[in-house]
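For reference, the structure is listed below as structure tokens.
No lab work stands behind these numbers, since they all come straight from the coordinates. These numbers were taken from a predicted model, which means no experiment stands behind them. So basically every Cβ, Gly included, is an ideal-geometry build from the backbone, and we count neighbours across all protein chains shown.
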Amino acid sequence: MQQSNAYIITFSVILTVVLGLLLSGTAQILGPRQQEAIALDKKKQILGAVISGDEISAMTPQEVNQYYESHIGATVVDINGKEVTEKDGVAVSAENIDVAKNYKLPAEDRLYPVFIYHEEGDDSKVKSYILPLYGAGLWDAIWGYLALDTDMNTVGGITLAHAGETPGLGARITTPEVQARYSGKEIFNESGELVGVQMQKGEGKDYSSEPHKIDGMSGATITGTGVNNMVINYLGHYKAYIESKKSSQAVAAL
Amino acid sequence: MSAETIEKAIEKKPAEAFLSKRRKKLVTDPLVDENPITIQVLGICSALAVTTQLKPTLVMAISVIFVVAMSNFVISLMRNTIPARVRIIVQLAVVATLVTLVSEVLKAFAYDMYKELSVFVGLIITNCIVMGRLEAFALGNKPYDSVLDGLGSALGYSWIILTVAFFRELWGSGSVFGLPVFDTVSGLFGPDFKLATNGLMVSPVGAFIILGLIIWVQRTKTGYVEH
């Protein structure tokens, strides 16, 4: 059965239009729900830095939103730690900043959101500062949120996520087991230098007495290095902000 | 055209039973004797990739069932109008549309699953089972039969990947559908007793081993020999 070229072209055009309409229609209808799902996922990740993953997965979406509203405040700073309220005449809000997009800009032009975890309904009683992280793993992007206690030195917790690390190896950064290793570690050394928290090569060693080292992931050294770089880079970018918070607390303590 | 006269001749026969013997065979054959994974060894890529846990595997299985059955149906409906020279492109367009629909729905209603399955939902497009059934069956058969054929193949695929996922999750993570089986079992034997999980099962290598074992058991039972 040999059809004419005209038939083939007409058929293809009609098929393309029909399928195209179908797909764009679906995207239109489901769009708002997808945006909600993405926003909710982001909130879960942010909360994951300060409360346990089990607690979050036990919550309904409404509860997550509610908890987020009543416990998380946000601000945006630049590389000098100064608060930014608008950029190019447009108001900025921490929730809407795409860290991945900002990552492509030079470090000094980026906007840095800070999420502030506070007592329920009272944003003057800060419990920790949650800083977004973004970097490169072995295969693809990795990102996360690191919570700093109010001493601006102790890591309260971390959530890590990835786009395409090897399952079972680098992808283990998303497991609570690996993330728990960060809790209680310190980012400044005794002389006040920013050293971050470094995941070590090899696995199964005890680093509980070393405040800047944590156990590594066997078979995923490059992902570990990526996480290390990401943590130290972003802590560096937030350094001015961290220092300013530190000094303001020192004043308050006097 | 000759195709039309054949269709008319068939229409004159008494209507075939809704689930006649032949139609049942369409569904049951691919479960064991013509299984796409173990006999035809198609769709291996996703069978290896998504089977570390049962939950994502189940979502993957449902997605594949939907895509194969629906694409078979749509292509079969259009089979007399599809220009032979561009039929592969047409099939691909239909399959890609269906897969995108699945992916969009997952993104809206099961975002966690969407993240976990990530690229593998999209890769259903290249799952050989889908295109294979379109070429081999849907292009030459009526819509209802094609749906049954698609269901059969997809179910054959599904039960295999679910079996693989069951063993991989049990041995690799010590759980079934996220329930901690190993911890519960070892708890019965006192605090010092602990069942170890096998890290190999979490990596794709584990899927190869289990898949090999399934094929071995199945071929021993059915006496299937590759020609």
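Using every Cα-Cα pair within chain A, state what percent have a distance larger than 29 Å. Result: 39 percent of Cα pairs exceed 29 Å. With a cut-off of 20 Å, note down the residues of region B:18-41 whose backbone N falls inside the zone around a label point 7 Å from the Cα of B:GLU226 toward its beta carbon. Under cut-off, by backbone N: B:30-41.
Over the whole of A:109-120, what's the average partner chain Cβ count within 10 Å per residue? Rounded to a whole number, please.
Per residue, the average neighbour count from other chains is 0.
Look at the stretch B:143-151: the mean tally of other chain Cβ atoms within 10 Å of its residues' Cβ atoms is 0. Applying 1/(1 + (r/R0)^6) with r as the Cβ-Cβ distance of B:CYS45 and A:SER191 and R0 = 51 angstrom yields a FRET efficiency of 0.45.
Partner lysines whose Cα lies under 18 Å from the Cα of A:LYS213, excluding those fewer than 8 positions away in the same chain, are identified as A:LYS185, A:LYS201, A:LYS205.
Tell me, what is the FRET efficiency for A:LYS104 and B:ASP29 to the nearest 0.05, using R0 = 51 angstrom and their Cβ-Cβ distance as r?
The value I calculate is 0.45.
Screening chain A for whole DSSP H helices with an alpha carbon extent of at least 20 angstrom along the helix axis and a mean Kyte-Doolittle hydropathy of at least 0.0 yields A:5-48, A:221-237.
Net charge near A:HIS71, counting Lys/Arg +1 and Asp/Glu -1 over other residues with Cβ under 10 Å of its Cβ? So the surrounding residues net to -4. Note on A:VAL13 and A:ALA163: their simple-model spin labels are 3.8 nm apart, each label 7 Å out from Cα toward Cβ.
Working note: 222 nm ellipticity from helices only, DSSP H runs with n ≥ 4, each -39,500 (n - 2.57), summed and divided by the residues of the protein assembly as shown, gives -16500 deg cm²/dmol to the nearest 500. Peptides A:74-87, A:212-225 ranked from most to least packed, by the mean per-residue count of other Cβ atoms within 10 Å: A:212-225, A:74-87. Dipole magnitude for the protein assembly as shown: computed about the Cα centre from +1 point charges on Lys and Arg Cβ and -1 point charges on Asp and Glu Cβ, it is near 2060 debye.
Residue by residue along A:38-48, Cβ atoms of other protein chains within 10 Å of the local Cβ number 1 on average.
Projecting the Cα positions of B:SER63, B:THR38, B:VAL90 onto the charge dipole of region B:19-162 (unit charges on Cβ atoms of Lys, Arg, Asp and Glu, taken about the Cα centre) puts B:VAL90 furthest along the positive direction.
Remark: the protein assembly as shown projects, on average over all directions, an area of 31.6 nm² (convex hull of Cα atoms).
Highest GNM mean-square fluctuation among B:GLN53, B:GLN40, B:GLN91, for chain B modelled with Cα contacts below 10 Å: B:GLN40. Distance between the pseudo-spin-label points of B:VAL176 and A:GLN62 (7 Å out from Cα toward the beta carbon): 3.5 nm. Dipole size of region A:24-130 about its Cα centre, with +1 on Lys/Arg Cβ and -1 on Asp/Glu Cβ: approximately 340 debye, rounded to the nearest 20.
Given their separation in residues at 0.36 nm each and the Cα-Cα distance between them, A:ILE29 and A:GLU210 gain 59.9 nm when the chain is fully extended.
With the simple model of a label 7 Å out from the Cα in the direction of the Cβ, A:ASP54 to B:GLU16 spans 5.5 nm. Using the Cβ-Cβ distance between A:LYS87 and A:ALA240 with R0 set to 25 Å, the FRET efficiency from 1/(1 + (r/R0)^6) comes to roughly 0.90.
For chain B, the Kirkwood hydrodynamic radius from C-alpha pairs, put into Stokes-Einstein at 37 °C and a viscosity of 0.692 mPa s, yields a diffusion coefficient of 170 µm² per second. Within chain B, the selection of entire DSSP H helices by a Cα span of 15 Å or greater along the long axis and an average Kyte-Doolittle value of at least 0.5 returns B:54-77, B:87-109, B:143-168, B:204-222.
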